[in-house]
Structure formats: structure tokens, C-alpha cells
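Presented below is the structure to which this report refers.
The values are calculated or read from the model by the stated rules, or taken from the named source; none is laboratory data. Remember, it's a predicted structure, so these values are computed and weren't measured experimentally. In this analysis, Cβ positions are derived from the backbone assuming ideal geometry, glycine residues included, and neighbour counts consider all displayed protein chains.
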Amino acid sequence: MAIGALAIVVAERRRPLRRRTQPGPDREFVNLAMGAASALAIMAAETPLVGPLARIAEERNRGLVRRLPLPEWGRDVAGLLLMDYTFYLWHVLTHKVPLLWRLHLVHHVDLNLDASTALRFHALDMVVSAPWRAGQVALIGLSPRGLRLWQRFFFLSILFHHSNLRLPEGLERRLAWVLTTPRMHGIHHSAAKDETDSNWSSGFSFWDRLHGTFRLDVDQDAIAIGVPAYRDPAETGIGRSLSMPFRSQRDDWAPPSNHR
């Protein structure tokens with residue numbers, strides 16, 4: 001997993017997709033620091049829940065995939081698919097429910113989009129999402145091995161689709177039939193609201209196709225990354241980012257795009 005993550009970071013430096021609007025190491029340091037805090041929050045709030053629930057699902061044969069007439073590896077694959085789909089639903093909620101958006105906003109105000117953005121989440125966002133994750137594991141019936149499989153797949157997926165990696169356009173269009181790609185997620189991080197409200201998938205892209213939220217029709221050079229009300233780089237520092245959910249919210253999105 002570490003090798004895969006390193007490969008993504010190196011590749012995005014060599015083949016950038018979008019021009020960096022906030023150069024320098026300060027932004028990456030902020031994202032890494034927030035990622036470290038989020039990792040601690042996950043270990044404190046999520047891991048103590050999902051680990052035991054996965055063991056219970058396997059030992060007591062509970063959950064949706066435990067009812068499927070499949071070998072154990074097949075149940076792990078089915079569990080991964082269901083985890084990915086229910087995370088799609090959670091992602092939609094983080095944009096549509098005002099309280100959840102206060103937390104998820106911290107992720108979207110990043111003025112650049114690259115692999116470090118995949119780490120830029122408010123620690124409280126991780127705490128609030130823990131009950132949803134526990135519900136996913138319990139209802140789906142994910143085994144400990146299936147949980148590890150999903151966690152690794154999810155981590156590499158978000159690093160990949162947040163990355164600033166320019167893939168050959170034809171290859172990316174074919175890949176986007178199955179996986180969430182950098183161009184797809186670049187549209188989701190657009191400052192134009194109608195573009196942000198698309199491409200909710202995190203791993204497999206077919207959830208967006210299923211729900212009619214798939215878009216790959218916007219040139220990356222035409223996208224302004226971020227949220228219009230937070231264009232000042234000073235707004236995205238550690239202190240302002242950590243306090244952002246507790247301050248008055250700004251309703252200032254760019255007008256709808258004309259890229260459809």
C-alpha cells in the first residue's frame with residue numbers, strides 16, 4: 001500500500017493535470033498535519049467500533065453478505081462493493097446535510113487538488129462518520145479480512161482520484177467506466193455548484209452512472225478548484241481550517257457552469 005501511495009505522489013509530480021494555484025510546501029504541510037489529526041481521530045473513534053463488529057459478523061454469521069451462497073473471498077468482494085456504494089451515499093449526505101457540510105467544507109476549501117488533499121479532513125469529520133462506518137460494517141457483515149481489503153482499496157482510491165495525475169485522456173475515459181479518476185474528481189472539487197454536485201463516487205464510478213451523477217465533460221483548465229467564499233489562502237491554514245465548522249457559514253457558490 002505504501003508503494004502504491006508513493007507511486008501516485010511521484011507520478012502526479014511528473015505528469016501534472018492542473019496548474020498549481022498555491023505553490024510552495026505550506027499547503028502540503030497543512031494537509032499532512034490535518035491528515036495526521038484525522039488518523040488519530042479514526043483510531044480513537046472508528047477503529048474500536050468497526051474491528052469488533054467485523055469479528056462479530058464473521059463469528060456469528062451476521063450481515064447481508066453472510067447470507068450469500070458464496071465462498072469467503074466472494075463475500076469479501078461483495079462486501080467491498082457494498083461498502084463502496086454506502087460510502088457514496090454518505091458522501092452525498094456530507095454535501096446535503098448542513099451540519100455534515102460544515103465539517104466536509106474543510107476538505108473542499110483546498111485551493112489545489114492533489115494527493116495531499118485526500119488527507120485534508122477535519123478530525124471531527126472522522127468522529128462524526130464513525131457511527132455510519134460502524135453501521136456499514138454491521139449491516140453488510142464485513143469480515144475482518146474484508147474490512148482490511150476495503151480500507152486498503154479505499155485509501156489508494158482516494159489518493160488516486162484526488163491526485164493531480166494527468167493520464168492519457170483516452171485511457172482515463174476507459175478507466176472511468178469502472179474507477180473514479182482524477183478528472184472526474186477534479187470536476188467534483190469545482191467552485192461551480194452544479195459541477196460539485198456530481199461524481200460522488202470514491203472507488204468504483206458506476207454508482208455515479210447508476211444515479212445519473214457522472215460527469216466527464218469539463219476541461220480541467222476551465223475548473224477553479226475550491227469554494228468561492230474561501231479564496232484567500234489564509235482561510236485554509238491550520239487554525240482557520242480547524243475553527244471553520246464553528247464559525248458562521250458563507251453561502252457563496254459560483255453561478256452554474258455552462259459546460260453541460
**Unique residue being at pLDDT below 95, buried (at least 21 other Cβ atoms within 10 Å of the Cβ) and either within 28 Å of residue 165 (Cβ to Cβ) or among the basic types (Lys, Arg) (or both) when the list is 27, 120, 75** = 27
**Prompt:** Does residue 21 satisfy the criteria of being modelled with pLDDT under 95, under 27 Å from residue 231 (Cα atoms) and of a type in the set (Ser, Thr, Tyr)?
**Reply:** yes
**Request:** For residues that are surrounded by 13 or more Cβ atoms within 10 Å (Cβ to Cβ) and out of contact with any Lys or Arg (no Cβ under 8 Å at 6 or more places or on another chain), tally how many sit in segment 178-188.
**Result:** 6
**Asked** Does residue 143 count as of a type in the set (S, T, N, Q), modelled with pLDDT of 95 or more, surrounded by 19 or more Cβ atoms within 10 Å (Cβ to Cβ) and within 30 Å of residue 58 (Cβ to Cβ)?
**Response** yes
**Fill in**
Here the residues within segment 105-141 that are small (Gly, Ala, Ser) and under 21 Å from residue 249 (Cβ atoms) are 123, 129
**Message:** Need pairs with beta-carbon distance below 6 Å; first residue modelled with pLDDT of 90 or more and within segment 1-13, second in a loop (DSSP other than H, G, I, E, B) and surrounded by 15 or more Cβ atoms within 10 Å (Cβ to Cβ); sequence gap 6+ or separate chains.
**Reply:** 8/163; 12/114; 12/163; 12/164
**Item:** Residue among 115, 130 that is modelled with pLDDT of 95 or more, surrounded by fewer than 21 Cβ atoms within 10 Å (Cβ to Cβ) and of a type in the set (Gly, Ala, Ser)
**Value:** 130
**Prompt:** Taking helices (runs of 4 or more DSSP H) that do not extend beyond segment 158-239, which have at least 3 residues that are closer than 22 Å to residue 86 by Cβ, more than 19 Å from the chain's Cα centre (by Cα) and in contact (Cβ under 8 Å) with a residue 24 or more places away in the chain?
**Reply:** none
**Message:** Could you list, ordered by first residue, the pairs with Cβ atoms under 9 Å in which the first is in segment 62-87 and hydroxyl-bearing (Ser, Thr, Tyr) and the second is surrounded by fewer than 21 Cβ atoms within 10 Å (Cβ to Cβ) and modelled with pLDDT of 95 or more, at least 6 apart or interchain?
**Reply:** 85/204; 85/210; 86/132; 86/135; 86/139
**Message:** Residue pairs, Cβ under 9 Å, 6 or more apart or interchain, first in segment 123-144 and over 28 Å from residue 241 (Cβ atoms) and touching a residue at least 12 places away in the same chain (Cβ under 8 Å), second among the hydroxyl-bearing types (Ser, Thr, Tyr) and in a helix (DSSP H, G or I). List them.
**Reply:** 139/86; 140/86
**Asked** Can you spot a residue in segment 13-35 that is under 30 Å from residue 212 (Cβ atoms), out of contact with any His (no Cβ under 7 Å at 6 or more places or on another chain) and acidic (Asp, Glu)?
**Response** no
